[in-house]
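Only one structure is covered here, and it is reproduced in the block below.
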Amino acid sequence: MARVGQVKSSVGERLSDRIAIGVLTRSFPPELVDEVIAEAGRGEQRNRLLPARVVVYFVLAMCLFFGQPYEEVARLLGEGLGDRKRSWRVPTTAAIGRARRRLGVQPLKMLFARVCCPVAVPQTAGAWYRRWRLVAVDGTTLDLADTADNDSFFGRPGSGRGTGAFPQARVVALAECGTHAVFGAAIGPLSVSEPVLSRQLFGELRAGMLLLADRGFYGFELWQAARATGADLLWRMRKSAALPVVQVLADGSYLSTIHAEPDRRSRRNPVVVRVIEYTLARTGDATVYRLLTTVLDPEQAPAKDLAALYTQRWEIETTLDEIKTHQRGPKLVLRSKYPWGVEQEIYGFLLVHHAIRQLIHRAATGHGLDPDRLSFTRSLRIVRRQVPAQAAFSPRQTRPGADPHPG
């Protein structure tokens, strides 16, 4: 007799062989999922109700249909597994929570490293400036389930009025500006700053990329670390920083030098940079921008072009908003009660987002469009409709502070 969560199948056929969840199984094929599970040492020694492959797809489906209870997500995965003679009996919430713990973080993290990369091709509109692929780095925070474990590991924001209502995880991401494809991510406690976390992402940078960053990221050591990857940089810097004019260039930009803190006063061991300064006039206000770049030759990248190009940095802000507001849902908290589950869940969100962004890129490129012209929200709805029996879902949402799921 089949147990709860089990489909009694023919000899040699496994439940996981019949899982199909639209774009997710196309973006993350079963063979690749099995490969990362094996490499992470999470393969089963015996047949289980929820094999590791199924649990990987469950985490992805959970992040595609965020706010739905565990059992509803499991019902989606099981839809189509049964027939008139055999039926899918949904595992309990407790069983799913235990399966998530057995799986752990590493398979999702490895799957992200294997699949999530820049997707723009030479003909992708809006992804390039001359010879450079435009990428950006930025960070955000995510509200977590209010548990002692999450609070202890991640911490929560504080102010003069007291501490925040929920613990928060800090996430720093590296994204391709033209396609919004996230290809690097670092997750840490709230106490670890965005610049510190961003160091973990520099291994993803390559020559031929132009990395955009806001003024909060600048520091001499961080600049040098990013520069050493071979990528070019275009970072905003505080207007109060002292940058001596070494040589004024024909386009109005100038060469200057930056120094490590011990060498700043003596001006020893200078590193040459190019500075672009400009003002954006607004109603009743004028904002002065100061950009630093490793592109020293104005003929390769004129100052006016770089000033206009810096606005592309906002694309990563939009990318993070897609994940937080549209994919997760506004004012919702992550469901996981423990730090390992939080990290697993965040990688699930990033993987689902990348799959949708790949879909958008293929559709846009096939019609000669800029991927920005296609709606992420509409694409998300299409992907959700691809999953069998979506109509059976009830649109329940997780309220802030509610915690109907273990893990």
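Side notes on the structure shown:
- The one condition in (1) over 18 Å from the mean Cα position of the chain (by Cα); (2) within 30 Å of Asp151 (Cα to Cα); (3) open to solvent by less than 30 Å² (accessible area, probe 1.4 Å) that Tyr218 fails to fulfil: (3)
- Filter result for the condition that a residue is in a loop (DSSP other than H, G, I, E, B), open to solvent by less than 60 Å² (accessible area, probe 1.4 Å) and either out of contact with any Phe, Trp or Tyr (no Cβ under 9 Å at 6 or more places or on another chain) or modelled with pLDDT of 50 or more (or both), over Ala363, Ala402: Ala402
- Residue in segment 303-336 that is surrounded by the most Cβ atoms within 10 Å (Cβ to Cβ), counting only those that are free of Cβ contacts under 8 Å to residues at least 60 places away in the same chain and polar (S, T, N, Q): Thr325
- If the condition is being part of a helix (DSSP H, G or I) and among the hydrophobic types (A, V, I, L, M, F, W, C), then segment 205-239 contributes Phe217, Phe220, Leu222, Trp223, Ala225, Ala226.
- Selection within segment 176-209: residues that are crowded, with 20+ Cβ neighbours inside 10 Å and hydroxyl-bearing (Ser, Thr, Tyr). The member of this set that is nearest to Leu309 (Cα to Cα) is Thr179.
- Residue selection: Glu176 satisfies the criterion of being in contact with a Pro (Cβ under 9 Å, 6 or more places away or on another chain) and in contact (Cβ under 8 Å) with a residue 24 or more places away in the chain.
- The listed residues are Asp232, Asp251, and the only one of them that is in contact with a helix residue (DSSP H, G or I) (Cβ under 6 Å, 6 or more places away or on another chain), acidic (Asp, Glu) and under 23 Å from Arg131 (Cβ atoms) turns out to be Asp251.
- Residue in segment 264-272 that is touching a residue at least 12 places away in the same chain (Cβ under 8 Å), open to solvent by 70 Å² or more (accessible area, probe 1.4 Å) and under 24 Å from Leu134 (Cα atoms) present: yes
- Members of segment 127-164 that are open to solvent by 40 Å² or more (accessible area, probe 1.4 Å), farther than 25 Å from Pro195 by Cα, touching a residue at least 60 places away in the same chain (Cβ under 8 Å) and not acidic (Asp, Glu): Arg130, Arg131
- Note on segment 273-298: residues that are farther than 17 Å from Arg215 by Cβ, out of contact with any Ser or Thr (no Cβ under 7 Å at 6 or more places or on another chain) and surrounded by 12 or more Cβ atoms within 10 Å (Cβ to Cβ) total 2.
- Flag if Leu49 is modelled with pLDDT under 85 and assigned to a loop (DSSP other than H, G, I, E, B): yes
The values are calculated or read from the model by the stated rules, or taken from the named source; none is laboratory data. Owing to the predicted nature of the structure, the values given are computational and were not obtained by experimental measurement. Cβ coordinates were reconstructed from backbone atoms using ideal geometry, including for glycine residues, and neighbour counts include every protein chain displayed. Note: areas computed on protein heavy atoms with side chains; ligands, DNA, RNA excluded. Shrake-Rupley method; radii C 1.70, N 1.55, O 1.52, S 1.80 Å.
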